[in-house]
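The values are calculated or read from the model by the stated rules, or taken from the named source; none is laboratory data. Note that the structure is predicted; figures quoted are calculated from it, not measured. Don't worry about glycine lacking a Cβ; one is built from the backbone with ideal geometry, like all the others, and counts go over all protein chains shown. Ligands, DNA and RNA are stripped out before the accessible areas are found, and what is left, the full protein with its side chains, is counted by its heavy atoms. Shrake-Rupley method; radii C 1.70, N 1.55, O 1.52, S 1.80 Å.
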Amino acid sequence: MGELPAGTVTMLFTDIEGSTALLGRVGNVRYGEALSAHRVVMRAAFAEWRGHEISTEGDSFYVVFASADDAVGCCVAAQRALVGYDWAGGAVVRVRMGLHSGEPVAHEGNYLGMDVHRAARIAATAHGGQVVLSEATRALAAGGMPDGVSVLDLGFHRLKDIADAERIWQLAGPGLASEFPPLKSLGTQTSLPVPATPLVGRDEDLARLLEVLGGAARLVTLTGTGGVGKTRLSLAAAAALGTAFPHGVYFVALAAVRDAEVMWKTLAGSLNVAADDPVDGAVAGYLAGRRALLVLDNLEQLDGASEVVAALLAAAPGLVVLATSRGPLRVMGEQEFPVPALEVARDGAVSAVSDSAAGRLFTQQARMVRPGFTITAENAADVAAICRRLDGLPLAIELAASRVRLLAPKALLARLGPSLGAVEAGRPHRQQTLRNLVGWSYDLLTPVQAQVFRQMSVFAGGCDLEAVGAVVDEPAGSDPLDVVAELQDVSLIAVTVGADGEPRLGMLETIRDYALERLAQEDDPDGARHRHAEYYQAFAERAREQLEGPMALTALDRLEAEHDNLRASLAWSLEAPASAAADPERVVIGLRLVQALAGFWYQHGHATEGRRWLQRAMDLASADGGAPLARVAHGLGVLMDQQGEPATARRLFERSLAIWRELGDREEQARELNSLGITYRHLGDLDTGRAFLEEAIVIDREVGNKVRLAAALANLGQLESAAGRFDRAAEALREALTLDLEQGDPFGVAVDRLSLALVGLHAGRPREARDTLAGLFDYIASSGNTSMLVNSLELAAAIAVGLGDPLRAARMAGAAEAIRQEAGMVITPQEAALLEEHLAPARATMTPQEWHGELAAGRALSREEGLALLESLDTLV
């Protein structure tokens, strides 16, 4: 590969769109041949255009070019070669490609830094056959485009975990496809779930719903029994309304959520709002000045949903909420939109049945299992009778029609007749119809299919194919994934297409409730839940290993996507300890899960929820003590300190340290000593904090742990800076920076440089501090780290005072204060006193009215405007 290019480079990420679906369509052998051919084509283009292949995994490539011109030329050549390739067996391969130019840090044959993550995020917005590029790449390649190739402006797009919007362009020219759906960025129609089949029979309902949403209504709730089609109708409306909401359309799946706290967290994740607790203020603050549509799906089981919706509407005048629930939310201003069952033909005439909504849906679903199925004079009356028997419920019709593969409509009607008698008093008629129809469909399954169906009910919020293979107990002589395909054929498994083009499997809640009941009746439910928890424990532990490296954003994405399954695993392993005697590994799984997830909770704004799980784990681990208790106590202490409770955190770290000393584990002792040093600094006891940090540094040098040594040095530097020992602070921080650069830790590098800027300010060198801080602007904007943004704004305000701009200083302080309030980030007394010390000279040069006016102007800024204000520091001289 040769020496990696340095300086400004252009990064290319590629992958095959819908690779899992392609594998299912052509089979293992054909797919393997296609994958190999794809690699040959791609690598030929890399070689021709001087690309450095950094890594490949599955069907993806990561390649770096010294020249943006070469990168563009490579993509054009590769796409043309892929289009012209003679793919065997119809296995057409469509590759999406994304380019971004920046200055990542080269490290051990790879690159690190937020530019790498930005490039990957840009590539993820594309479709198969499409080449997209950032504004940075477009500008560099503008003068060197291949003959006939130009760029199309696709506008600004929000990318996951990146605060500022990215302007994205598309390559166009001979041999390149040009027509694609909108990019898959946050808040666009293409970020909505994609149902497997088109919506049928709802033209009039959709038109009426769009008319209501186009009026003055701000909360519209689709109501109706389970299986009537509320979610499908809401998705169709959201897809049609995208252009009416310039700040985005967001679908928030809440079927697995049971309380308001988790609902707020789920909203924050869907909106890409980085916030510590209280997250409700951060979400409300983010939406306050935006015109957006929130589709909140499945609210009937969610305690506190009405209060959350009311709070959102009160905080955001431009917000419109489209909710689905079996009943109204009873929120002021709500407009209920009852979703009716489908129209059923009144007689058995072919035209009447074919044209009816229910008949059209039956035909659509029947053709999925029996191609060519049509309504005829022989079957029209039977189809109409089936639809009437099922009360026009779409889900019931789908379940019944899936059986047309084996049963003609007449035989199907005869089977339905005696099987759907109402047996449960107190249930509405249509609920009984649907429930009995699910039971009838279940009774037709083979024993193997029934077993897989029951065991899949343990998944919360869906799952991918790998999880199914690991969790479902493999029936003798059967592949669970083949059985899943059979369950999809009979509409008991729902398949949606994710933003990455890959399938996600799940069950509608009505069907899952039934499957859970049968699991409890016919199996050992703890067996399935045990495998489920073990799988997600291993999943979380793999992700934890990536949280401090270049794959951090990808790991956080995966953890967030599976958060409902992780919660379900925690609930099973930690909330029913009475079963621990029968299943001794149960609590062990829970303890390992909380240890693996502590960093995720800390970084992704789940501190309050994480504290609850960690405290539960503490209660269970205290009896046995040892290393598990020490690790859980450490994780809980970190979250306690993050939420402004350093005294409690100190006691937890001391407890953990005592255990590690008893066990003789020097590395873990150093970690606790480091945490105690931080905590004592927060408590204002700098001498004790220094002693702990110096002891941690001695041990880290002794055991050779450079990662933890860098962290301890950085913390010592911050403490020495607070103590006024600036030379010692700078010495420790420079050593930490050298180590973090060596280890390729972008977050550690950012912390070190931020701390060095603070030292420069304290030492009376504001220009040096400004220059050091300016080097972090790209990382601060791209990382989405709220804590670092707040600290940087407060530091920038102090620097602005030193550079003679008191008005800008006041506005920066106001912006930082607003973000702290939204994110629930408490400023420590030491931080508040230090900030006041720096701002006091600026306040003295202004009238109280001027000062408070600038503070208020800063508080009114959005997060993006706060970032722009921070970056304006670079203009001061």
Practice task
State log₁₀ I(q)/I(0) for region 146-252 at q = 0.12 Å⁻¹ as given by the Debye formula over alpha-carbon point scatterers of equal weight, solvent excluded.
Solution key: -0.56
Problem - Accessible-area composition of the chain, carbon plus sulfur, in percent [1.4 Å probe] - result: 53
Practice task
Sort ARG30, ARG435, ARG389 from largest to smallest accessible area, using a 1.4 Å probe on the heavy atoms of the protein chains.
Solution key: ARG30, ARG389, ARG435
Handout entry: Given charges at Cβ of Lys, Arg, Asp, Glu: region 197-328 dipole, positive-most of GLY304, VAL220, ALA239
Key = ALA239
Exercise for the section: With a probe of 1.4 Å, find how much accessible area region 653-774 has per residue, and write the answer as a whole number in Å². Expected result: 41
Exercise for the section: Note the angle between two axes, namely the Cα long axis of helix 686-703 and the longest principal axis of the Cα atoms of the chain, as a number of degrees from 0 to 90, rounded to the nearest 10. Expected result: 70
Handout entry: Tilt relative to the chain, helix 68-84 - C-alpha long axis, 0 to 90 degrees, to 10
Key = 10
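Order the following by accessible area, largest value first: THR231, THR738. Probe radius 1.4 Å; ligands, DNA and RNA are ignored.
Details: THR231 45, THR738 85 Å².
Heavy-atom accessible area, descending, gives THR738, THR231.
I need the fraction of alpha carbon pairs in region 648-696 separated by more than 15 Å, rounded to a whole percent. Can you show the working numbers first?
Numbers: 421 of 1176 pairs.
Cα-Cα pairs of region 648-696 separated by over 15 Å account for 36 percent.
Which trypsin sites (Lys or Arg not before Pro) in region 60-136 sit in a loop by DSSP (not H, G, I, E or B) and have at most 14 other Cβ atoms within 10 Å of their own Cβ? Numbers along the way, then the final one.
Details: sites: ARG80, ARG94, ARG96, ARG118, ARG121; in loops: ARG94.
Those that pass, being in a loop and sparsely packed, number zero.
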Problem - Dipole of the chain [Lys/Arg +1, Asp/Glu -1 at C-beta], most positive-end residue of GLY866, GLY677, VAL472 - result: VAL472
Problem - For region 799-875 versus region 118-168, the gap between their alpha-carbon centres in whole angstrom - result: 35
Handout entry: Rounded to the nearest 10 Å², the accessible area of GLU585 at probe 1.4 Å
Key = 100
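Would you rank LYS706, LYS160 by solvent-accessible area, highest first, keeping every protein chain in place and using a 1.4 Å probe?
Values: LYS706 90, LYS160 45 Å².
Ranked from most to least accessible, the order is LYS706, LYS160.
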Handout entry: Two-decimal log10 I(q)/I(0) for the chain, as the Debye equation yields it once each C-alpha is a single scatterer, q = 0.08, 0.09 Å⁻¹
Key = -0.82, -1.04
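GLY248: net charge of surrounding residues, Cβ under 10 Å, Lys/Arg +1, Asp/Glu -1, itself excluded? Please report the intermediate quantities before stating the final value.
Working: positive: ARG158, ARG290, ARG291; negative: none.
Here the count lands on +3.
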Problem - Residues whose placed amide H lies under 5 Å from that of PHE251, excluding near-sequence neighbours - result: VAL295
Practice task
With all protein chains present, calculate the accessible area of MET145 using a 1.4 Å probe and round the result to the nearest 10 Å².
Solution key: 40
Exercise for the section: Using only protein heavy atoms and a 1.4 Å probe, report how much of HIS157 is accessible, in Å² to the nearest 10. Expected result: 30
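Under 20 °C and 1.002 mPa s, how fast does region 72-204 diffuse according to Stokes-Einstein, given a Kirkwood radius computed over C-alpha pairs? Answer in µm²/s, whole number. Don't skip to the answer; put the middle values down first.
Working: Rh = 16.5 Å.
Translational D for this selection: 130 µm²/s.
What share of the DSSP beta bridges in the chain is antiparallel, in percent to the nearest 5?
Values: 37 of 60 bridges.
Looking only at bridges with both residues in the chain, the antiparallel portion is about 60 percent.
Where nothing but the Cβ of Lys and Arg (+1) and of Asp and Glu (-1) is charged, how large is the charge dipole of region 732-846 around its Cα centre, in debye to the nearest 20? Provide the component values of the computation, followed by the final result.
Details: 9 positive and 15 negative charges, 88 e Å.
Charge dipole of region 732-846: 420 debye, to the nearest 20.
Find the Cα radius of gyration of region 271-367, compare it with 2.2 N^0.38 Å by division, and give the number to two decimals.
Rg over 2.2 N^0.38 Å, computed on Cα atoms: 1.58.
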Handout entry: Amide H within-cut-off set for ALA217, under 5 Å, with H built and near neighbours excluded
Key = none
Exercise for the section: Compare the Cα positions of ALA633, GLN364, ALA543 along the charge dipole of the chain (+1 at Cβ of Lys, Arg; -1 at Cβ of Asp, Glu; about the Cα centre) and return the one farthest towards the positive end. Expected result: GLN364
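Assuming a strict under-26 Å limit between Cα atoms, what lysine pair count do you get for the chain once near-sequence pairs (fewer than 8 apart, same chain) are dropped? Don't skip to the end; give the middle numbers.
Details: LYS160/LYS184; LYS160/LYS265; LYS184/LYS230; LYS184/LYS265; LYS230/LYS265.
Summing the qualifying lysine pairs gives 5.
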Completion exercise
In degrees rounded to 10, the 0-90 angle between helix 509-522 Cα long axis and the longest Cα principal axis of the chain is 80
